[in-house]
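To start, the structure itself, in structure tokens.
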Amino acid sequence: AQKITQTQPGMFVQEKEAVTLDCTYDTSDQSYGLFWYKQPSSGEMIFLIYQGSYDEQNATEGRYSLNFQKARKSANLVISASQLGDSAMYFCAMIQTGNQFYFGTGTSLTVIP
Amino acid sequence: DSGVTQTPKHLITATGQRVTLRCSPRSGDLSVYWYQQSLDQGLQFLIQYYNGEERAKGNILERFSAQQFPDLHSELNLSSLELGDSALYFCASSVVGLAGGEQFFGPGTRLTVL
């Protein structure tokens with residue numbers, strides 16, 4: 001079974017609008033962490049945001065927020081006020097017991113002017 | 001610039017050969033991680049080192065090995081290379097372990113096996 005599922009291969013959003021990128025995860029661990037990364041077309045990987053399973057509040061980093069719904073096992077990334085520079089691949093990932101780390105297949109986001 | 005350096009940037013080699021990829025973490029970071037990104041397998045975590053010791057192992061093949069040296073730089077050794085090993089290999093570093101969040105990635109080494 002997939003540990004991390006990203007069901008949206010591609011997404012489009014109008015500049016200045018908000019967009020939600022979906023991520024669901026599968027674990028029976030109580031302690032785990034969830035990550036989002038951005039990979040622009042230039043190829044580098046950029047860490048965006050982290051949420052621990054025991055964190056009660058949703059993580060936020062500037063225009064990025066992680067909508068953490070533990071019971072539904074979802075960790076959606078919300079990007080507010082999209083910018084052209086947000087066009088990139090976005091990967092959701094999870095770390096669980098034993099520092100085992102899993103990535104999703106990614107969502108390609110295109111911001112339209 | 002993340003502060004993480006990787007050399008070489010590109011590497012082209014033949015099947016059956018052995019290569020070494022090098023990573024220097026950000027100053028002060030004790031943890032180094034290696035990842036592989038290929039068209040077939042997507043992004044995969046290979047291995048983590050913390051202050052010279054192996055901390056976690058992911059989908060790393062037996063033909064691959066890594067180490068972290070006393071100066072904290074790390075090397076990933078890939079041997080008996082196969083066509084399917086062609087990929088982008090990322091190194092990342094963080095102050096402590098993964099559970100805490102922020103990692104800083106190097107620009108990657110693009111390996112092509114012919």
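Numerical summary
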read-out: Hits in the range A:100-113 (condition: in contact with a Gly (Cβ under 7 Å, 6 or more places away or on another chain), more than 13 Å from B:Ile47 (Cα to Cα) and at the interface with chain B (Cβ under 8 Å from one of its Cβ atoms)); value: A:Phe103, A:Thr105
read-out: All positions within the range A:1-32 that are of a type in the set (A, V, I, L, M, F, W, C), farther than 19 Å from A:Gln83 by Cβ and surrounded by 12 or more Cβ atoms within 10 Å (Cβ to Cβ); value: A:Ile4, A:Cys23
read-out: Conditions (1) surrounded by fewer than 19 Cβ atoms within 10 Å (Cβ to Cβ); (2) more than 10 Å from every other protein chain (Cβ to nearest Cβ); (3) within 19 Å of A:Lys38 (Cα to Cα); number of the one not met by B:Ser65; value: (3)
read-out: Within the range A:52-113, strands (runs of 3 or more DSSP E) holding 2 or more residues that are touching a helix residue (DSSP H, G or I) at 6+ places or on another chain (Cβ under 7 Å), in contact (Cβ under 8 Å) with a residue 60 or more places away in the chain and under 17 Å from A:Gln8 (Cα atoms); value: A:107-112
read-out: Conditions (1) β-branched (Val, Ile, Thr); (2) more than 14 Å from chain B (Cβ to nearest Cβ); (3) more than 28 Å from B:Pro107 (Cβ to Cβ): number failed by A:Thr97; value: (2)
read-out: Where B:Ala87 falls short, out of the listed (1) surrounded by 15 or more Cβ atoms within 10 Å (Cβ to Cβ); (2) touching a Phe, Trp or Tyr at 6+ places or on another chain (Cβ under 8 Å); value: (2)
read-out: Total residues in the range B:1-34, condition acidic (Asp, Glu) and surrounded by fewer than 16 Cβ atoms within 10 Å (Cβ to Cβ); value: 1
read-out: Checklist (1) at positive phi; (2) facing chain A (nearest Cβ under 8 Å); (3) more than 14 Å from the chain's Cα centre (by Cα) applied to B:Ser80, failing item; value: (2)
read-out: Residues of the range A:42-69 satisfying the condition of being within 13 Å of chain B (Cβ to nearest Cβ) and of a type in the set (S, T, N, Q); value: A:Ser42, A:Gln51, A:Ser53, A:Thr60
read-out: In the range A:63-87, the residues that are at positive phi and of a type in the set (A, V, I, L, M); value: A:Ala81
read-out: All positions within the range A:37-51 that are surrounded by 14 or more Cβ atoms within 10 Å (Cβ to Cβ) and either hydroxyl-bearing (Ser, Thr, Tyr) or part of a strand (DSSP E or B) (or both); value: A:Tyr37, A:Lys38, A:Gln39, A:Ile46, A:Phe47, A:Leu48, A:Ile49, A:Tyr50, A:Gln51
read-out: Enumerated strands (runs of 3 or more DSSP E) restricted to the range B:14-114, each holding at least 2 residues that are free of Cβ contacts under 8 Å to residues at least 40 places away in the same chain; value: B:42-50, B:53-57, B:64-68
read-out: Which numbered condition B:Asn59 fails, given (1) surrounded by fewer than 21 Cβ atoms within 10 Å (Cβ to Cβ); (2) of a type outside the set (Asp, Glu); (3) over 22 Å from A:Phe35 (Cβ atoms); value: (3)
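Computed from the coordinates by the stated procedures, all read-outs in this text should not be read as laboratory data. Source: prediction; values computed, not measured. Note that each Cβ is placed from the backbone with ideal geometry, even for glycine, and that neighbours are counted across all protein chains shown.
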